[in-house]
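Below: one structure, written as structure tokens.
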Amino acid sequence: MVRLFSHFQSSVGKKMVIALTGLGLVAYVVFHMLGNLQLFEGPQALNKYAAFLRDIPILLWTVRIGLLSLVVVHIGLAIQLSMRNRRARSVEYTIHRYRQASIASRTMTISGIVLLVFVGFHLLHLTAGVIDLGFSERLDSEGHRDVYGKVVHAFQNPFIVIIYLAGQLGLGLHLSHAISSSLQTMGLERAALNRLLQGLGVAIGLLVVLGNIAIILGVFLGIVH
Ligand code: HEM
């Protein structure tokens with residue numbers, strides 16, 4: 001037990017926990033995007049699905065507390081690790097060797113911050129209804145909360161569309177590096193596998209972002225109304 005604890009105190013241990021918590025969050029984001037695509041099936045499908053997610057309070061709060069814990073541990077350890085790395089690097093580099101690193105890997109901190117700000121805005125907007133009070137308590141003809149109406153109303157507003165598209169840019173950049181790097185940290189690193197893992201990371205990142213953009217633009221362009 002003591003050995004396990006001291007392993008997680010090391011940089012390698014912390015990297016592993018960051019990778020594991022990150023992969024848990026990726027699973028949520030994929031699941032969330034697939035569920036939200038039911039917007040294209042119409043109000044009944046999306047509102048029924050949203051009601052299913054909310055109707056079992058124990059499930060809802062387990063998921064919420066689980067997600068919050070993953071976010072807190074993931075960000076807390078990432079900050080600790082980057083501070084430790086900075087301290088260890090006693091001499092600042094004068095020449096930055098960026099040739100090997102992709103844009104996504106160089107912008108992990110900034111894309112992470114953009115993502116965090118976006119999620120904060122998103123929760124205030126669509127979950128708490130603080131940004132658009134009018135739609136938070138509406139019911140549809142079957143008595144379910146009108147989540148479909150809320151989403152359609154949201155993406156008819158060009159300002160909201162711009163904020164969500166910026167969020168997708170942060171999400172796409174973060175995921176495209178994070179997935180492959182997490183899988184490598186988990187011990188999957190082999191020379192022959194590296195390219196495959198990188199491709200997998202970019203593919204999952206693209207899939208999530210394109211799915212979300214389809215929802216945003218589907219409404220904005222009037223395909224869904
Ligand atoms: C176009 C993209 C997205 C759409 C249309 C969307 C839609 C929604 C909606 C409608 C809700 C509220 C559900 C309800 O009131 O029952 C919600 C909640 C939430 N969304 Fe999103 N979402 C999007 C992207 C994202 C992304 C990228 C993330 C995370 C990175 C995210 C994380 C969350 C979380 C954590 C909740 C709260 C769930 C809860 O109530 O426990 N969403 N989303």
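Only the coordinates and a few stated rules stand behind these numbers; no lab work does. All of these numbers come straight from a predicted model, not from anything done at the bench. Reconstructed Cβ throughout: ideal geometry from the backbone, glycine too, with neighbour counts over all protein chains shown.
Annotations
- Over the chain: helical MRE at 222 nm, DSSP H runs n ≥ 4 each giving -39500 (n - 2.57), nearest 500: -24500 deg cm²/dmol
- Between residue 32 and residue 156, the simple label model (points 7 Å from Cα in the Cβ direction) yields a spacing of 2.5 nm.
- The residue list 214, 121, 175 was ranked by how far each Cα lies along the charge dipole of region 102-225 toward its positive end, using unit charges on Cβ atoms, and 175 comes out on top.
- Calculated P(r) of the chain - Cα pairs past 34 Å, %: 23
- Highest to lowest packing among 153-161, 171-179, 53-61, scored as the average C-beta count within 10 Å: 171-179, 153-161, 53-61
- Only one residue of 187, 109, 70 has its Cα farthest out toward the positive end of the dipole of the chain, where Lys and Arg carry +1 and Asp and Glu -1 on Cβ, and that residue is 187.
- Seen from a random direction on average, the alpha-carbon convex hull of region 105-225 projects onto 9.2 square nanometres.
- Couplings 3J(HN,Hα) of region 174-185, computed from phi: 5, 5, 5, 8, 5, 5, 5, 5, 5, 5, 5, 4 Hz, in residue order, whole Hz [Karplus 6.51 cos²θ - 1.76 cosθ + 1.60, θ = phi - 60°; x for Gly and Pro].
- Neighbours of residue 44 by Cβ distance under 10 Å: Lys/Arg scored +1, Asp/Glu scored -1, total -2.
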